[in-house]
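Take a look at the structure set out below.
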Amino acid sequence: MLRKCRIQVEDFGEVRTSPGLLFLEVLNREGLDLHNDCGGQGKCGKCRIVFHSDAPECTPGDLRHLSKEEIEAGVRLACFQQVRYDCKITIPPAPTCELLDDL
């Protein structure tokens, strides 16, 4: 039997899952709202998660969408990252949008 990985999600609790699944599918299955306008296709860059330590290597998709500062802070995109080991993450709040008065 495969070992289950434990994902400790700040302000939510622990999620157990099989290794190899994408964080986006695991967290969505748990009912957590990960912002992903593209439906997990790797195009919008909004499904950010923050690793508290030992962030995985960046994928080419992470590098396309994240700044150097975000990468150094442990931010990764859930649609590109597979669960491989126990970890603790935070799901940042949804980005805010500015309302423009002169439209």
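Residues that are surrounded by fewer than 16 Cβ atoms within 10 Å (Cβ to Cβ) and among the hydroxyl-bearing types (S, T, Y) within the stretch 1-31 comprise just one, S18. Of all residues in the stretch 64-81, those satisfying the criterion of being closer than 17 Å to L22 by Cβ and either touching a residue at least 40 places away in the same chain (Cβ under 8 Å) or of a type outside the set (V, I, T) (or both) are R64, H65, L66, R76, L77, A78, C79, F80, Q81. The set of residues in the stretch 6-27 that are out of contact with any helix residue (DSSP H, G or I) (no Cβ under 8 Å at 6 or more places or on another chain) and under 14 Å from Q81 (Cα atoms) comprises S18, P19, G20, L21, L22, F23, L24, E25, V26, L27.
Taken together, the values in this text are just the output of simple stated rules run on the coordinates, not laboratory data. Just so we're clear, the structure is a prediction, and the values are computed from it rather than from any experiment. Because the Cβ atoms are built from the backbone with ideal geometry, glycine has one as well, and the counts that use them run over all protein chains shown.
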